[in-house]
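Nothing in this text is a laboratory measurement; each read-out follows from the coordinates by a stated rule. It should be emphasised that the depicted structure is a prediction, and the values quoted were computed from it without experimental measurement. Every residue, glycine as well, gets a Cβ built from its backbone with ideal geometry; the counts of neighbours run over all protein chains shown.
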Amino acid sequence: MELWQAIALGVLQGSTEFIPVSSSGHLVLIPWLLGWPIPPVTFDAMVHWGTLLALLIYFWTDISTLAVAWLKSVVIKYEGPKAYLAWLIILATIPAAAAGMLLEDFFERLFASPRAVSIALLGTALLLVGAELRPQGRKKPERLTWYEALFIGAFQAIAIVPGISRSGSTIAAGIITGLGRSEAARFSFLLSIPIIFGAGLKKALDLIASGAIWSNWGIMVGGFLAAFISGYLSIAFLLAYLRRRRLYAFALYCMALGALGLVLAL
């Protein structure tokens, strides 16, 4: 992979990680359609670290508030809404963490299958349309029940499949539980922090152990910075977009890209 390709893929990752069109699906299909080498999972992990940094900076106030409330709940048994929300995020992270550890090899094999990714993109389109068929809710994330949080977390676990949008599936699940679109997106973004951190940490440790990170550091840094900048901008864009608009445009995009990939893969 050339440096300019790494930067282009970093922008692609950052632009599609939070917008509900599947960043992992794009990192498989776009290089395949252009004849580029499919980026390894290790590169995918590094650009995810770039989007993680974008999340941490954009939601720093929320994250620090939730962290303090959670610590208070552990130390002095504080039971405020922010502490409750922090526990919900921890609970909702469990399904994806378990699926990632138990089925890692299976998920990694799917990255080599453009056909499977294309089918998964069509699945993302159906999820987004299905969520929009439900009447708009007004619930806040702090009002979710523990089983609703697990329900959203289960959709995050399914989204480990490349082509199933993590943000799309968790936003859709949030809307189904009664959250408004922008609140579902906010919960989705906060929920993504532990899983992106865990996946990125594991792959980074694997890279360091193998020594590959030192021979490809320029490519890794270029992809990381590109993902960070584009990721930050995409968070701001989606939150503003969902305050006034529906998810149908993203569903149509996923349907078109999935259909194109499926036709070319046959």
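Counting only C-alpha contacts under 8 Å and six or more residues apart, can you give the relative contact order of region 3-265 as a whole percent? Intermediate values should be presented prior to the final figure.
On the way: 438 pairs, mean separation 100.1, N = 263.
Relative contact order here is 38 percent.
Of Ile195, Thr61, Ile19, whose Cα points farthest to the positive end of the dipole of the chain (charges on the beta-carbon: +1 Lys, Arg; -1 Asp, Glu; origin at the Cα centre)?
Going by the charge dipole, the pick is Thr61.
Would you calculate, for the chain, the mean residue ellipticity at 222 nm contributed by helices, counting each DSSP H stretch of 4 or more residues as -39,500 (n - 2.57) and dividing by all residues, to the nearest 500?
On the way: 13 runs with 211 residues, N = 266.
Counting only the DSSP helices, I get -26500 deg cm²/dmol.
Assigning unit charges at the beta carbon (Lys, Arg +1; Asp, Glu -1) and nothing else, what dipole magnitude in debye, to the nearest 20, does the chain show about its Cα centre?
Values: 19 positive and 13 negative charges, 193 e Å.
That gives the chain a dipole magnitude of about 920 debye.
For a protection proxy built on the mean count of beta-carbon atoms within 10 angstrom, sort 136-148, 247-259 highest first, please. All intermediate terms of the calculation are to be shown ahead of the outcome.
Working: 136-148: 15.0, 247-259: 19.2.
In descending order of packing, they fall as 247-259, 136-148.
Using each residue's phi in region 142-154, evaluate 6.51 cos²θ - 1.76 cosθ + 1.60 at θ = phi - 60° and report the 3J(HN,Hα) Karplus result to the nearest Hz, with x for Gly and Pro.
5, 9, 5, 8, 5, 6, 5, 5, 5, 4, 5, x, 5
For a quick check, take a GNM of the chain with Cα springs below 10 Å and name the residue from Phe106, Phe187, Phe43 with the largest mean-square fluctuation.
Looking only at Phe106, Phe187, Phe43, the biggest GNM fluctuation is shown by Phe106.
How far is helix 81-102 tilted, in degrees, relative to the longest principal axis of the Cα atoms in the chain, given as a value from 0 to 90 rounded to the nearest 10?
Compared with the principal axis, the helix lies near 30 degrees.
Lysines near Lys82 by alpha-carbon distance under 19 Å, same-chain residues fewer than 8 away left out - which ones?
The reachable lysines, counting only those whose Cα sits under 19 Å from Lys82, are Lys72, Lys139, Lys140.
In Å, what Kirkwood hydrodynamic radius results for region 21-118 from the alpha-carbon pair distances?
Numbers: mean 1/r = 0.0617 Å⁻¹.
It is 16.2 Å.
Which whole-Hz couplings ³J(HN,Hα) result when phi for each residue of region 160-177 is put into the Karplus expression 6.51 cos²θ - 1.76 cosθ + 1.60, θ = phi - 60°, listed in order with x for Gly and Pro?
Taking θ as phi minus 60°, the curve returns 5, 5, x, x, 8, 5, 5, 5, x, 5, 6, 5, 4, 5, x, 5, 4, 7 Hz for region 160-177.
Roughly speaking, what is the centre-to-centre gap between region 89-128 and region 1-78 when only Cα atoms are used, to the nearest Å?
Centre-to-centre (Cα) distance: 15 Å.
With +1 on each Lys and Arg Cβ and -1 on each Asp and Glu Cβ, and nothing else charged, work out how big the dipole of region 117-266 is about its Cα centre, in Debye to the nearest 20.
Working: 14 positive and 5 negative charges, 113 e Å.
Roughly 540 debye, rounded to the nearest 20.
How much space per residue, in cubic angstrom, does the convex hull of the C-alpha atoms of the chain take up?
Once divided by residue count, the hull of the chain is 120 Å³.
Report the charge-dipole magnitude of region 1-129 in Debye, nearest 20, computed about the Cα centre from +1 at each Lys and Arg Cβ and -1 at each Asp and Glu Cβ. Mind dumping the intermediate values first?
Values: 5 positive and 8 negative charges, 65 e Å.
That gives a dipole near 320 debye.
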